[in-house]
Amino acid sequence: MSTLVACAVVRDDPPQVFVAENLATLNWVLACQLVAKTPGRELPSGERDALRLALTEQRWGDAVFAFISLTGVAVDVYESTDLFSLTDVEVGPMELQLTPLFTG
């Protein structure tokens with residue numbers, strides 16, 4: 001049986017994918033791995049200061065939203081995504097027999 005996780009696809013060059021246990025953790029990951037790695041000198045001082053403040057106040061989602069608005073980098077966030085494991089593969093042949101392709 002699959003587990004639900006949150007994931008984000010950053011549509012940049014190259015694209016990046018981030019996966020976390022839930023949306024709150026995903027926002028933290030994006031804040032640390034995407035927003036905070038933006039060179040401050042590339043941003044206007046007001047926007048840079050706003051991003052820094054959101055990060056220091058641990059407002060991860062606000063920081064991510066501001067980053068997207070500021071940079072125009074598209075970030076697709078999926079709050080509930082199935083994460084499949086080896087156990088799912090092992091029961092796959094049996095489950096296939098119950099799919100519409102095999103039952104109809």
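Anything in region 9-18 that is among the β-branched types (Val, Ile, Thr) and open to solvent by 80 Å² or more (accessible area, probe 1.4 Å)? List them, or say none.
Of everything in region 9-18, just one residue is among the β-branched types (Val, Ile, Thr) and open to solvent by 80 Å² or more (accessible area, probe 1.4 Å), namely 17.
Cβ contacts < 8 Å: first residue aliphatic (A, V, I, L, M), restricted to region 83-104; second residue assigned to a loop (DSSP other than H, G, I, E, B) and open to solvent by less than 90 Å² (accessible area, probe 1.4 Å), any location; separation 6+ or different chain. Result?
From residues that are aliphatic (A, V, I, L, M), the pairs are 83/2.
Listed residues 6, 63; which is more than 30 Å from residue 89 (Cβ to Cβ) and surrounded by 18 or more Cβ atoms within 10 Å (Cβ to Cβ)?
63
Of the residues that sit in region 56-72 and are modelled with pLDDT of 95 or more and not in a helix (DSSP H, G or I), which one is farthest from residue 12 (Cα to Cα)?
57
Filter region 1-21 for residues that are touching a residue at least 40 places away in the same chain (Cβ under 8 Å) and in contact with a strand residue (DSSP E or B) (Cβ under 6 Å, 6 or more places away or on another chain) and give the result.
Selection gives 2, 3, 4, 5, 6, 7, 8, 9, 10, 11, 19.
What number of residues within region 37-55 are within 18 Å of residue 14 (Cα to Cα) and open to solvent by less than 60 Å² (accessible area, probe 1.4 Å)?
So the answer is 2.
The values are calculated or read from the model by the stated rules, or taken from the named source; none is laboratory data. Just so we're clear, the structure is a prediction, and the values are computed from it rather than from any experiment. Note: ideal-geometry Cβ built from the backbone for every residue, glycine included; neighbour counts use all protein chains shown. In case anyone asks, the SASA skips ligands and DNA or RNA and just uses the protein heavy atoms, side chains included. Shrake-Rupley method; radii C 1.70, N 1.55, O 1.52, S 1.80 Å.
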